[in-house]
Each structure stands twice: as C-alpha cells, then as structure tokens.
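Below: one structure, written as structure tokens.
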Amino acid sequence: MEQTKKFLLFAFALPVLAMGCELFEEKPEEETKKVDNSTYTYTYTCPTGRKNTIEIPNRLSATCKRNWEYYARTYGCNDANNFADANSKKAQCP
C-alpha cells in the first residue's frame, strides 16, 4: 500500500515537475527584421518658381521612388489636374 502511494505521488508529480522545468529554460531569441528607415531629400521646383523638399524612404524600389516624387510634386505644386493620377501611382507602392 505504501509503495502504491509513493508511485501515485510520483506519477502525479512528474508532469508538474517537467512543466516547472520548462519555465526556467532559456527561450530562443526571435530573429528581428531590420528595416531600412533611411531617407533621401527630394527637391523639386514648381512652375511658379517655388522650391520644395521632402524626405522619401530609401527602401522603395526605383519605380516607387518616382511615384512618390510625382505625388509630392503634384500636391506640393497644387497641380489639381493630376491629383487622381498621382494618387493612383502612389497607391501602387507601400
């Protein structure tokens, strides 16, 4: 009878001990993705002669950089005739 009690105690305690040990194990570090947050300064001149600058992310593709530049120039120069086109081009990019 005494051996049965010891066996049952051991049988119930073993899973608890095993789970308790997992709490102390070192968890592997999650690999973090590095994002390029650098920018470049885009300068443009409006037909009125006014110069403007804007920061554009470097992580964009060449096409997206051109789309963002077009969007900035269109809105910065208040070229209302091209707002829809500028919006659609910028919407193609992140």
- Message: I need a count of the residues in the range 45-94 that are part of a loop (DSSP other than H, G, I, E, B) and open to solvent by 70 Å² or more (accessible area, probe 1.4 Å).
- Response: 7
- Note on the structure: Those residues of the range 26-35 which are under 20 Å from Cys93 (Cα atoms) and either open to solvent by less than 70 Å² (accessible area, probe 1.4 Å) or not charged (D, E, K, R) (or both) amount to Val35
- Considering the range 57-67 alone, what residues qualify as being of a type outside the set (A, V, I, L, M) and in contact with a Pro (Cβ under 8 Å, 6 or more places away or on another chain)? Cys64
- Message: Taking the conditions exactly as written (under 18 Å from Cys93 (Cβ atoms), touching an Asp or Glu at 6+ places or on another chain (Cβ under 8 Å), among the hydroxyl-bearing types (Ser, Thr, Tyr) and free of Cβ contacts under 8 Å to residues at least 40 places away in the same chain), does Thr63 satisfy them or not?
- Response: no
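The values are calculated or read from the model by the stated rules, or taken from the named source; none is laboratory data. Quick caveat: nothing in here was measured; it's all calculated off a predicted structure. As a convention, Cβ positions derive from the backbone with ideal geometry for all residues, glycine included, and neighbour counts pool all protein chains shown. Note: accessible area is taken over every heavy atom of the protein model, side chains too, but ligands, DNA and RNA are not part of it. Shrake-Rupley method; radii C 1.70, N 1.55, O 1.52, S 1.80 Å.
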